[in-house]
Every structure is written in C-alpha cells, then in structure tokens.
1. Restricting to segment 23-48, name every residue that is in contact (Cβ under 8 Å) with a residue 24 or more places away in the chain, in a helix (DSSP H, G or I) and over 15 Å from LYS72 (Cβ atoms).
2. Among (1) surrounded by 12 or more Cβ atoms within 10 Å (Cβ to Cβ); (2) under 17 Å from TYR27 (Cβ atoms), which single condition is PRO89 missing?
3. Would it be correct to say that LEU59 is at pLDDT 95 or above, touching a helix residue (DSSP H, G or I) at 6+ places or on another chain (Cβ under 8 Å), within 29 Å of LYS4 (Cβ to Cβ) and surrounded by 12 or more Cβ atoms within 10 Å (Cβ to Cβ)?
4. Checking ASP51 against (1) within 11 Å of the chain's Cα centre (by Cα); (2) part of a loop (DSSP other than H, G, I, E, B), only one condition comes out false. Which one?
5. In this structure, is ALA73 among the small types (Gly, Ala, Ser), surrounded by 12 or more Cβ atoms within 10 Å (Cβ to Cβ) and modelled with pLDDT under 90?
6. Filtering segment 1-39 down to residues that are over 15 Å from THR85 (Cα atoms) and under 14 Å from the mean Cα position of the chain (by Cα), which residue is surrounded by the most Cβ atoms within 10 Å (Cβ to Cβ)?
7. Can you confirm whether segment 72-79 contains a residue that is touching a strand residue (DSSP E or B) at 6+ places or on another chain (Cβ under 8 Å), outside any helix (DSSP H, G or I), closer than 26 Å to GLU6 by Cα and polar (S, T, N, Q)?
Amino acid sequence: MNQKNELKQKILSETAKIDWSALETFYAKGSVIWVSSNVDLIDIAMKFAEDDTASIQNLLVSGEIEKMTPEKARKWQQQSGLWATVVAPWVLVQHRPKIN
C-alpha cells in the first residue's frame, strides 16, 4: 500500500460519530474546523494531513470549511449526526444528518 492510501486508512480509522460535548474543550482552544456537508470529510482531512495549503485556502475562501463560530457551536450543542476526525492540531467536524 502506498503512503497516500496508508494515510487515508489511518484517517478513516480515526473518524467517528461524536457528541458536541466531547468537542467543547477543543472548541475552547480554537482548534475545531467546521466542514460543510457538501464536501467529503475524509478528503478534507487528507488535505490537512498533506499540508495542502493552496487547497485549504481555496476551501476557506469558498466557505466549505471555517473555524467553528460561536453561532455554530451553540447550534451544534443539540445536534446529533456529528462526525469528527483529528489532524493535529485540528479537529475537523461535519454534521451529517440522518437520512431517512
């Protein structure tokens, strides 16, 4: 397996459903990144892990990722369907509502 595949498998194995309460400490430290549900959380995590600054900048400009805002944090306190993965020092979080 090549390095990129190994990295992707590592990120996949460290991605899980999570409650907001488990993220509050990271949010207080300013290390939570909101990821739009329009993009793939794992693909975004790969860009962070590979330090793909140009792609990350484009995602910030397009609004597909952003540092977690107080408004979103308040809203997410009651949300289910949060998924997170860690790409130190960041915790990337995405809301994936249950689809019926």
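1. LEU41, ILE42, ILE44, ALA45, MET46, PHE48
2. (1) is the only condition that PRO89 fails.
3. yes
4. Result: ASP51 passes all but (1).
5. yes
6. It comes out as GLY30.
7. Within segment 72-79, not a single residue is touching a strand residue (DSSP E or B) at 6+ places or on another chain (Cβ under 8 Å), outside any helix (DSSP H, G or I), closer than 26 Å to GLU6 by Cα and polar (S, T, N, Q).
The values are calculated or read from the model by the stated rules, or taken from the named source; none is laboratory data. All of these numbers come straight from a predicted model, not from anything done at the bench. No Cβ is skipped: glycine too gets one built from the backbone with ideal geometry, and neighbour counts run over all protein chains shown.
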